[in-house]
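Right, one structure below, let's go through it.
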Amino acid sequence: MDWEWELFQQLDLFSRNKVSRKAKGLSSVPVVVERKPYFRHFRMMVKPSGHLVVTVGRRIGQPEIEKFLAQNKDWVEAGTAEVAKIREAHPQVRFENGELIPMLGREYRLVYVPRTAKRAKVYLREQQIFVETDDMESQDSRVQRIKNFYEQKGRSLLSSRVEIFSEKMQLYPSQLSFRSQKTRWGSCNSKGHISLNWRLVAYPLLIADYVVIHELAHLKHQDHSKRFWKLVEVYSPEYKVHKQYLREHQFQVDFLAKQPELYTNIEPDFIWTY
Ligand SMILES: [Zn+2]
């Protein structure tokens, strides 16, 4: 489910074909270099942030890396174009006053209001998320409190959905916990311990329900067999659509992540212009 664009190649620095001289800068891409001792390959990955991460051996310098990039210019171009599309579809959430942010598949307006008590609150009212704050508070702190609010909402929503579907399916987890994994929406181990991603709260309820039903079904079938999917289908008849939705919208809840993938401020080692 993880999104990545990866190229893995045998290191060939002694190749005879001379790379043509760099054309005057038309495109540029930020490059992050990871050096591993004894690494004998070139690996590149375009990250959702638009960074090109290049993994090479310890002794490989920037000129060799640039030569390699030039040899694989088409690949770089295709990968960065793909990322640009994803980023266009998901503009950066800046947590600004008046901005719309999703919860349960609906758009909620973020409204900053003066704090009324010592402890600044965050609360919902008529499809708006009110955040009490003042000029003294940093934006980072506000963003953190909004994320905490989502987490709290996610935990209580998912707990109640698990209760509802446990009754319906007559399947009860031995333990329920919450996480915020990058690309995992839920898991269920052999001890009957279910873990759910609280960021599901930003998606429509049907989607969160599908994940709940999926994990509860694992209490009966520990695999993804036909029998498993048959059971899922009883409670989530449109599960195929929901599965697809999650795949296509994985970056929609990236803004709630501790370390968002789409909009990061990683300092590149150099900018490659071609
Ligand atoms: Zn599963």
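Quick notes on this one:
- Positions within the stretch 207-226 being hydrophobic (A, V, I, L, M, F, W, C) and free of Cβ contacts under 8 Å to residues at least 40 places away in the same chain, in sequence order: 211
- Among the conditions (1) surrounded by 13 or more Cβ atoms within 10 Å (Cβ to Cβ); (2) at positive phi, residue 68 misses just one, which is (2).
- Within the span defined as the stretch 206-220, one or more residues are surrounded by 15 or more Cβ atoms within 10 Å (Cβ to Cβ), in contact with a Gly (Cβ under 9 Å, 6 or more places away or on another chain), under 17 Å from residue 235 (Cβ atoms) and among the small types (Gly, Ala, Ser).
- For the stretch 27-78, taking the residues that are of a type in the set (Gly, Ala, Ser) and assigned to a helix (DSSP H, G or I), the one that is nearest to residue 255 (Cα to Cα) is identified as 78.
- Screening residue 177 with (1) part of a helix (DSSP H, G or I); (2) surrounded by fewer than 16 Cβ atoms within 10 Å (Cβ to Cβ); (3) more than 15 Å from the ligand (Cβ to nearest atom) gives one miss only, at (1).
- Screening the stretch 198-241 for residues that are within 13 Å of the ligand (Cβ to nearest atom) and touching a strand residue (DSSP E or B) at 6+ places or on another chain (Cβ under 6 Å) and picking the one that is farthest from residue 156 (Cα to Cα) gives 218.
- On the stretch given as the stretch 84-105, residues that are touching a residue at least 24 places away in the same chain (Cβ under 8 Å), part of a loop (DSSP other than H, G, I, E, B) and either closer than 18 Å to residue 201 by Cβ or touching a strand residue (DSSP E or B) at 6+ places or on another chain (Cβ under 7 Å) (or both) total 5.
- Cβ-Cβ distances below 7 Å connect the following pairs, each with a first residue in the stretch 156-175 that is assigned by TED's automatic domain parsing to the domain that holds residue 214 and under 13 Å from residue 214 (Cβ atoms), a second residue that is aromatic (Phe, Trp, Tyr) and in a helix (DSSP H, G or I), and a separation of six or more residues or different chains: 158/198; 165/235; 169/235.
- Test set (1) without any contact (Cβ under 8 Å) to a residue 24 or more places away in the chain; (2) closer than 22 Å to residue 247 by Cα; (3) in a loop (DSSP other than H, G, I, E, B); (4) of a type in the set (D, E, K, R) - residue 184 fails condition number: (1)
- So residue 248, is it within 11 Å of the ligand (Cβ to nearest atom) and among the acidic types (Asp, Glu): no
- Restricting attention to the stretch 182-191, the residues being of a type in the set (Gly, Ala, Ser) and either within 11 Å of the ligand (Cβ to nearest atom) or surrounded by 15 or more Cβ atoms within 10 Å (Cβ to Cβ) (or both) number 2.
- Applying the set (1) within 30 Å of residue 76 (Cα to Cα); (2) surrounded by 13 or more Cβ atoms within 10 Å (Cβ to Cβ) to residue 258 leaves exactly one unmet item: (2).
The values are calculated or read from the model by the stated rules, or taken from the named source; none is laboratory data. These numbers were taken from a predicted model, which means no experiment stands behind them. Reconstructed Cβ throughout: ideal geometry from the backbone, glycine too, with neighbour counts over all protein chains shown.
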